[in-house]
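See structure below.
The values are calculated or read from the model by the stated rules, or taken from the named source; none is laboratory data. Quick caveat, the model's predicted, so the values are computed rather than measured. When we count neighbours, we look across all protein chains shown, and the Cβ atoms used for this are built from the backbone with ideal geometry, even at glycine.
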Amino acid sequence: MNRKEKSEEIHKNNISYNESKKNIAFKDQNLPTLSRRDFLKLSGTGLFVFFLVGGRCEPLVSLQGQTRQREYPEDFNAYLLIGEDGRIRCFSGKVEMGQGIKTSLAQILAEELDVTLDMVEMILGDTALCPYDMGTFGSRTIKYFGPALRQAAAEARAALIELASTELGVPIDQLAIENGFVYDVKRPSHRVSYGQLTKGKRIERYLRSKPQPKPIETHKIAGQPLPRLDAMEKVTGQALFAGDISLPNMVYARILRPPTHGAKLKSLNFDELKNIPEIEIVQDGDLIAVLHHTFDGASAALKRIKAEFDVPSNELNDENIHNHLIKMAPPGNIIDQKGNLEEGEKIASQIIEATYCNPYVAHSPIETHTALVSIEKDEVKVWASTQRPFGVQSEVAQALGVPASKVHVFPVYVGGGFGGKNSNRQAVEAARLAQKAGKPVMVIWTREEEFFFDTFMPAAVVKIRSGLDPKNRLTFWDYTVFWAGERSSQIFYDIPHYRVLSRGSWSGQQSAHPFNVGPWRAPGSNTNVFARESHFDILASRSRIDPLEFRLNHLSNERMRRVLLRLADEFGWKPSPAPSGRGYGLSCADYLGTYVALMVEIDVDAQTGVIKVKRMVCVQDMGEVINPEGAKEQIEGCLMMGLGYALTEEIHFKGGKILDLNFDRYEIPRFSWLPEIKAIVLDNKEVPAQGGGEPAIINVGAAVANALFDKTGIRLNRLPLNRKGVLQALKEKK
Amino acid sequence: MKQKISFYLNGQPLILETEPDRPLLWVLRNDLKITSPKFGCGEGYCGACTVLVDGEPLRSCQTEIVRVNGRRIITLEGLRKGDQLHPLQQAFLKHEAFQCGFCTNGMILEALALLQKKSKPSRAEIIEALEDHLCRCGAHQRIIQAIEEASKMMKGGSNESKREIGRNT
């Protein structure tokens with residue numbers, strides 16, 4: 001190429017680049033991610049079954065507490081494809097973050113289509129390949145996605161049988177499927193594989209009717225404890241997380257942060273950075289960062305920025321926050337009510353009142369928020385640790401001023417979410433910096449940034465007034481929860497007069513908090529169950545009745561009774577009013593349709609105030625179970641994680657300054673805490689599959705608090721039940 | 001001032017020129033594209049960045065690169081021999097001793113260092129060795145079970161257990 005040609009070539013490239021940039025800039029930003037038309041342009045042959053998870057009006061948005069940014073696609077939001085190779089692929093915007101859905105969803109498909117698990121592939125969280133999905137949270141994947149997937153697979157099976165009927169010249173009712181083949185039941189060797197049936201064709205089905213899935217009794221794959229599909233990559237170090245992605249010319253960004261929430265930048269001086277080679281300083285409004293081709297290089301340079309901030313005065317701290325929250329609470333909504341509280345109070349012979357509270361608690365996944373953004377000619381490529389790939393897509397699109405359809409979020413493994421990775425701030429930061437710098441930028445939050453920007457479990461308060469009649473039966477229940485929302489606050493006990501009032505949600509909207517809050521594994525439920533089940537124990541103790549018996553006396557709900565009775569049996573619960581000195585504690589709850597109960601045995605070190613949980617037995621009825629081993633793993637994980645919020649976890653703060661910024665001060669559960677754990681999943685085929693990622697965590701606070709009372713006679717109404725609190729109470733008791 | 005530093009990485013000799021005070025973690029991840037050691041806390045509290053240096057588990061985020069000059073580094077990538085998984089990897093698979101998988105690197109390497117020192121550790125010794133490794137998903141029970149199983153497998157005296165890790169890979 002001579003010089004002139006070369007310059008023309010460059011010129012041409014520039015023009016096309018500029019044009020494409022213009023295109024990006026002026027397109028409508030509110031286009032849906034992937035319109036149906038775009039979607040159908042996806043090349044390839046095979047049998048496609050498109051299906052819709054949930055109805056259009058499903059209140060997903062309010063559940064998540066986010067404003068609706070985009071219409072849910074009307075006709076489908078997931079699909080599966082049976083290709084020429086006979087492999088079955090399902091495309092969904094859900095993500096795998098350790099909860100095991102890659103495996104359990106594949107099991108549902110393999111079951112319905114009668115193939116081995118290795119013939120199924122789940123393509124999760126790729127915004128270019130998968131239709132829109134709100135996100136992965138709320139123990140909803142198996143509960144809501146599972147049935148739709150099963151229906152879609154049943155539809156695919158019906159379509160394959162139709163195709164085979166023509167192909168083999170055999171009537172439909174004479175055909176069956178097995179191991180990836182459709183065969184003639186009268187002559188099993190007369191058969192055709194799924195791949196042969198779909199070869200060279202493009203067949204589209206839209207799931208509108210409800211084909212009959214296989215009866216559960218015939219299941220061979222769903223319901224089995226099959227090994228995780230992500231296992232091999234994870235034990236060999238091959239699993240790719242967002243921070244493991246590497247691109248040519250990429251740089252790492254370290255961002256200048258304020259010392260407190262609400263602080264304003266006053267002065268800035270980069271003099272000390274002048275002699276550092278290979279760094280670049282980028283400033284985009286309030287976003288100031290140092291870039292370097294290594295993370296440590298960027299970090300070293302960041303330390304040399306001289307910045308001063310104006311810190312607003314703020315009197316709030318972890319001691320006075322609860323009074324502040326009560327003062328600031330909106331009037332709220334009645335969640336559940338029956339009878340008349342005044343009536344109930346009239347027939348009560350004693351009134352028992354108490355207030356319960358919990359602090360801010362961090363998600364602290366071991367992987368911090370991470371994102372890599374590369375702005376290329378035709379698309380913006382994003383790899384992010386997120387529970388909401390499509391949320392990242394729209395937030396990045398908005399930050400860059402490009403249509404969402406130009407932003408492609410690639411799937412990566414997520415190193416723990418627990419609700420905290422619904423927030424995608426780091427991806428927006430990476431996108432803004434990549435745009436300014438003109439090269440791919442990786443943002444990896446340090447642990448300090450992770451604690452600073454976490455959307456904590458909100459500090460919250462519950463006030464309960466209740467009454468007992470002379471026969472030790474509850475006459476009324478007046479319950480108000482401040483800032484934790486309604487989840488698991490509804491009444492399943494038999495109480496003649498009750499009212500449940502919720503004032504302020506957990507979502508952080510109309511917030512009274514000094515920093516961000518949001519969904520934390522089983523949002524709201526940890527607060528509500530701690531309060532209710534602690535209070536039930538107080539009532540049982542006042543009545544001099546065994547805590548289990550007291551609950552059963554108020555329980556006609558058969559599912560909950562079954563769970564509790566099985567639990568008592570597994571634990572070896574011997575009735576005794578508390579405090580018995582044994583250190584036994586109990587709690588039970590209902591989490592969005594999953595019934596779960598926990599018994600624990602603890603010991604208390606009177607010298608140090610440390611509570612040692614020795615034994616935890618949990619029984620869970622989550623309806624039909626897809627992967628019993630996966631379900632058990634989730635229960636075990638919930639119990640272990642739950643010990644953290646029960647015993648130590650609390651964010652200390654002064655005004656907008658977060659004082660706990662790493663694992664030296666913020667104590668999460670360790671190996672030495674591990675109790676003997678027994679997780680029992682009741683397989684209840686009469687109830688459709690419910691969620692399992694969160695429920696078992698919600699009993700831990702109350703069960704441990706009740707065990708502390710049973711052991712020592714000390715009742716603590718504020719979480720966590722830490723050394724300091726226990727020692728103080730022991731001292732006061734003497 | 002850049003300096004020449006040489007070491008064995010999973011059995012392969014290599015030389016690189018870099019500032020001697022850089023954290024080993026970021027040299028591995030950014031310069032050498034070895035991504036199994038993870039960044040979790042940056043202060044040595046969580047253990048996700050663990051690598052073995054001459055068989056000793058070290059927090060690579062707290063280890064200056066100059067300290068590994070002339071030494072042998074093993075990362076999780078170096079455990080597998082061809083298609084053959086190390087017994088610890090097999091046991092982690094069997095017991096599903098992880099959920100998100102982000103802490104798995106540190107758990108396996110710390111366990112390996114333990115088993116190389118003590119082929120049949122007690123449960124208390126396993127807990128002590130892993131105490132400063134954080135797992136947020138709560139896979140603790142399964143991790144302990146996996147290490148106990150691997151200990152049995154390695155004691156069984158298969159060729160697999162006797163091979164020197166990091167050689168001939």
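Where residues in segment A:413-426 are out of contact with any Ser or Thr (no Cβ under 7 Å at 6 or more places or on another chain) and at negative phi, which of them is surrounded by the most Cβ atoms within 10 Å (Cβ to Cβ)? Break it down stepwise before answering.
Filtering segment A:413-426 down to residues out of contact with any Ser or Thr (no Cβ under 7 Å at 6 or more places or on another chain) leaves A:413, A:416-419, A:422, A:425.
Those left that are additionally at negative phi: A:413, A:417, A:422, A:425.
Numbers: A:TYR413: 24, A:GLY417: 27, A:ASN422: 23, A:ARG425: 16.
Applying the filter and picking the extreme gives A:GLY417.
Report whether or not A:GLU667 is closer than 30 Å to A:GLN728 by Cα, in contact with a Pro (Cβ under 7 Å, 6 or more places away or on another chain), part of a loop (DSSP other than H, G, I, E, B) and modelled with pLDDT of 95 or more. Give the derivation first.
Details: closer than 30 Å to A:GLN728 by Cα: yes; in contact with a Pro (Cβ under 7 Å, 6 or more places away or on another chain): no; part of a loop (DSSP other than H, G, I, E, B): yes; modelled with pLDDT of 95 or more: yes.
Answer is no for this residue.
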* Residue match in segment A:211-227 (condition: more than 25 Å from A:VAL49 (Cβ to Cβ) and of a type in the set (Asp, Glu)) -> no
* Can you pull out the residues in segment A:566-598 that are free of Cβ contacts under 8 Å to residues at least 40 places away in the same chain and either surrounded by fewer than 16 Cβ atoms within 10 Å (Cβ to Cβ) or touching a His at 6+ places or on another chain (Cβ under 8 Å) (or both)? -> A:ASP569, A:GLY572, A:LYS574, A:PRO575
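Return the residues of segment A:108-145 that are touching a residue at least 24 places away in the same chain (Cβ under 8 Å), among the charged types (D, E, K, R) and out of contact with any strand residue (DSSP E or B) (no Cβ under 8 Å at 6 or more places or on another chain); say none if nothing qualifies. First the steps, then the outcome.
Step one: filter segment A:108-145 for residues touching a residue at least 24 places away in the same chain (Cβ under 8 Å), giving A:108-117, A:119-145.
Within this subset, residues satisfying the condition of being among the charged types (D, E, K, R) are A:111-112, A:114, A:121, A:126, A:133, A:140, A:143.
A:GLU111, A:GLU112, A:ARG140, A:LYS143, listed by residue number.
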* From A:ILE305, A:ILE351, grab the single residue that is at pLDDT 95 or above, surrounded by 18 or more Cβ atoms within 10 Å (Cβ to Cβ) and more than 33 Å from the chain's Cα centre (by Cα). => A:ILE305
* Name the single residue, out of those in segment A:440-454 being surrounded by 24 or more Cβ atoms within 10 Å (Cβ to Cβ) and either farther than 18 Å from A:PHE418 by Cα or hydroxyl-bearing (Ser, Thr, Tyr) (or both), that is farthest from the chain's Cα centre (by Cα). => A:VAL441
* Residue check, A:GLY656 out of contact with any helix residue (DSSP H, G or I) (no Cβ under 9 Å at 6 or more places or on another chain), at pLDDT below 95 and either farther than 22 Å from A:VAL529 by Cβ or surrounded by fewer than 19 Cβ atoms within 10 Å (Cβ to Cβ) (or both) -> yes
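This table checks each residue for (1) polar (S, T, N, Q); (2) modelled with pLDDT of 95 or more; (3) surrounded by fewer than 19 Cβ atoms within 10 Å (Cβ to Cβ); (4) closer than 30 Å to A:HIS652 by Cβ.
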position: A:VAL182; (1), (2), (3), (4): no, yes, no, no
position: A:ARG191; (1), (2), (3), (4): no, yes, no, no
position: A:LEU247; (1), (2), (3), (4): no, yes, yes, no
position: A:PRO259; (1), (2), (3), (4): no, yes, yes, yes
* **Exclusive hit being free of Cβ contacts under 8 Å to residues at least 60 places away in the same chain and within 14 Å of chain B (Cβ to nearest Cβ), set A:ALA231, A:ALA242** => A:ALA231
* Asked: For the subset of segment A:398-411 comprising residues that are in contact with a strand residue (DSSP E or B) (Cβ under 8 Å, 6 or more places away or on another chain) and either crowded, with 24+ Cβ neighbours inside 10 Å or closer than 25 Å to A:TYR360 by Cα (or both), which member is farthest from the other protein chains (Cβ to nearest Cβ)?
  -> A:VAL407
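Table: residues versus (1) buried (at least 24 other Cβ atoms within 10 Å of the Cβ); (2) modelled with pLDDT of 95 or more; (3) outside any helix (DSSP H, G or I); (4) within 30 Å of the chain's Cα centre (by Cα).
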residue: A:GLY467; (1), (2), (3), (4): yes, yes, yes, no
residue: A:ASN472; (1), (2), (3), (4): no, yes, yes, no
residue: A:GLN490; (1), (2), (3), (4): no, yes, yes, yes
residue: A:SER511; (1), (2), (3), (4): no, no, yes, yes
residue: A:TRP520; (1), (2), (3), (4): yes, yes, yes, yes
residue: A:SER534; (1), (2), (3), (4): yes, yes, no, yes
residue: A:ILE538; (1), (2), (3), (4): no, yes, no, no
* Lone unmet requirement of (1) at the interface with another protein chain (Cβ under 7 Å from one of its Cβ atoms); (2) crowded, with 23+ Cβ neighbours inside 10 Å for B:HIS86 -> (1)
